[in-house]
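Below you'll find the structure, written out as structure tokens, and then a few comments.
The values are calculated or read from the model by the stated rules, or taken from the named source; none is laboratory data. In this text, all values refer to a predicted model and were calculated from it rather than measured experimentally. Reconstructed Cβ throughout: ideal geometry from the backbone, glycine too, with neighbour counts over all protein chains shown.
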């Protein structure tokens, strides 16, 4: 089964409702920037690349919805849409990358042509961003696949597959590409508390494609590493900063420390759009704090006392010194640091 996380149908966007997988599979429809912002905030769609693509379509939808207004009113509504989408989730830098691309085009063409023509061009760019993400993931997957031995068990944390992107995936894109090369790759997915992206989403994706997968709880990875059952760790990321520090789903730092202890390579699969050189180190990355409900229970079942104090940071930061390599669409940056990242970005600018 080909996983199509986001799709444009006629005059609107549809996204898989990832909150109800794997028990239910359905698409929800979106017609405005506000709708899409809510879908991002409530995690109908998640994963940095997918969030970026969704935001681009949110802008296109808003333009389409307001085509009948005078241009002055149209511009006001578009400005509000950009602001609303920018507040939907703070950590995933692809959100801001995609909004900037849409904003740059909007500002370039706002004084040219009709409102209808502006809406058409914004939609065309959103389509292009989606297709570019899929192509980038295939390129990234190819570079990452070459790092893996002919037979390997890969631990992944959270979901960095097709569901986290427009298609193919980042960390799981490496797995898919390696299997396409003929390598015998199996996946070990930890549950990824508290939202269970590994148990619900990664497991679902791998089962759809018949890729061998073993599910473990988050506190089992060190035991399996010590037993020699894990050959490499590959994760995605929501933001890589100038010095190579990486923000990813909470628990990633723990896995990286364990990998270092057991001399297991720890790779981060990320498109270049995830690299944010405006931030010097991971200490300055904004970390989203989510609702306590995600920790005290799940889907109406509560297992903790309602009065208990809760912390629920959605992400943590892994220092660059723990990262064996950044796998990008332009190649792999081993032992990333400020100089290496700057050099990579200069080559592609």
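Kindly indicate the residue of the stretch 139-162 that is assigned to a helix (DSSP H, G or I) and in contact with a strand residue (DSSP E or B) (Cβ under 7 Å, 6 or more places away or on another chain) and also surrounded by the most Cβ atoms within 10 Å (Cβ to Cβ) among those meeting that condition.
140
Could you grab me the full set of residues in the stretch 163-172 that are in contact with a strand residue (DSSP E or B) (Cβ under 9 Å, 6 or more places away or on another chain) and closer than 20 Å to residue 190 by Cβ?
Listed by number, the residues that qualify are 163, 169, 170, 171, 172.
If only one of 129, 136 is within 19 Å of residue 40 (Cβ to Cβ) and either under 14 Å from the mean Cα position of the chain (by Cα) or in a helix (DSSP H, G or I) (or both), which one is it?
After applying the criteria, what remains is 129.
Looking for something in a strand (DSSP E or B) and either more than 22 Å from the chain's Cα centre (by Cα) or farther than 30 Å from residue 260 by Cα (or both) - is there at least one such residue anywhere in the stretch 302-325?
yes
Looking only at the stretch 106-120, count how many residues are crowded, with 18+ Cβ neighbours inside 10 Å and within 28 Å of the chain's Cα centre (by Cα).
Counting residues in the stretch 106-120 that are crowded, with 18+ Cβ neighbours inside 10 Å and within 28 Å of the chain's Cα centre (by Cα) gives 2.
With the checklist (1) within 17 Å of residue 172 (Cβ to Cβ); (2) crowded, with 22+ Cβ neighbours inside 10 Å; (3) in contact with a helix residue (DSSP H, G or I) (Cβ under 9 Å, 6 or more places away or on another chain) in hand, flag the one item residue 252 doesn't pass.
(3)
Can you name every residue in the stretch 191-210 that is assigned to a loop (DSSP other than H, G, I, E, B) and closer than 14 Å to residue 176 by Cβ?
Scanning the stretch 191-210 gives a single hit, 210.
Listed here are the residues, each with its yes/no results for (1) surrounded by fewer than 17 Cβ atoms within 10 Å (Cβ to Cβ); (2) over 28 Å from residue 136 (Cα atoms); (3) not assigned by TED's automatic domain parsing to the domain that holds residue 145.
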residue	(1), (2), (3)
196	no, no, no
202	no, no, no
214	yes, no, no
219	yes, yes, no
262	yes, yes, no
272	no, no, no
287	yes, no, no
296	no, yes, no
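Of (1) within 22 Å of residue 41 (Cβ to Cβ); (2) surrounded by 14 or more Cβ atoms within 10 Å (Cβ to Cβ); (3) at pLDDT 95 or above, residue 332 satisfies all except one. Which?
Against the list (1) within 22 Å of residue 41 (Cβ to Cβ); (2) surrounded by 14 or more Cβ atoms within 10 Å (Cβ to Cβ); (3) at pLDDT 95 or above, residue 332 comes up short only on (1).
Only one of these conditions is not met by residue 256: (1) outside any loop (DSSP other than H, G, I, E, B); (2) farther than 24 Å from residue 137 by Cα. Which number is it?
(2)
Give the residues of the stretch 81-105 that are surrounded by fewer than 21 Cβ atoms within 10 Å (Cβ to Cβ) and over 28 Å from residue 313 (Cα atoms), sorted by residue number.
Selection gives 101, 103, 104, 105.
Of all residues in the stretch 260-276, which are in contact with a helix residue (DSSP H, G or I) (Cβ under 7 Å, 6 or more places away or on another chain) and either assigned to a helix (DSSP H, G or I) or more than 23 Å from residue 178 (Cβ to Cβ) (or both)?
Matches in the stretch 260-276: 260, 272, 273, 274, 275, 276.
Would you check if residue 244 is assigned by TED's automatic domain parsing to the domain that holds residue 193, within 19 Å of the chain's Cα centre (by Cα) and on the phi > 0 side of the Ramachandran plot?
For residue 244, the condition - assigned by TED's automatic domain parsing to the domain that holds residue 193, within 19 Å of the chain's Cα centre (by Cα) and on the phi > 0 side of the Ramachandran plot - is met.
From 120, 84, which residue is out of contact with any strand residue (DSSP E or B) (no Cβ under 7 Å at 6 or more places or on another chain), in a helix (DSSP H, G or I), under 14 Å from residue 37 (Cα atoms) and at pLDDT 95 or above?
Within the list 120, 84, the selection yields 84.
Looking only at residues in the stretch 280-301 that are under 19 Å from the mean Cα position of the chain (by Cα) and outside any helix (DSSP H, G or I), which one is farthest from residue 345 (Cα to Cα)?
Ranking the candidates gives 290 first.
So, in the stretch 37-74, how many residues would count as being at positive phi and buried (at least 20 other Cβ atoms within 10 Å of the Cβ)?
1
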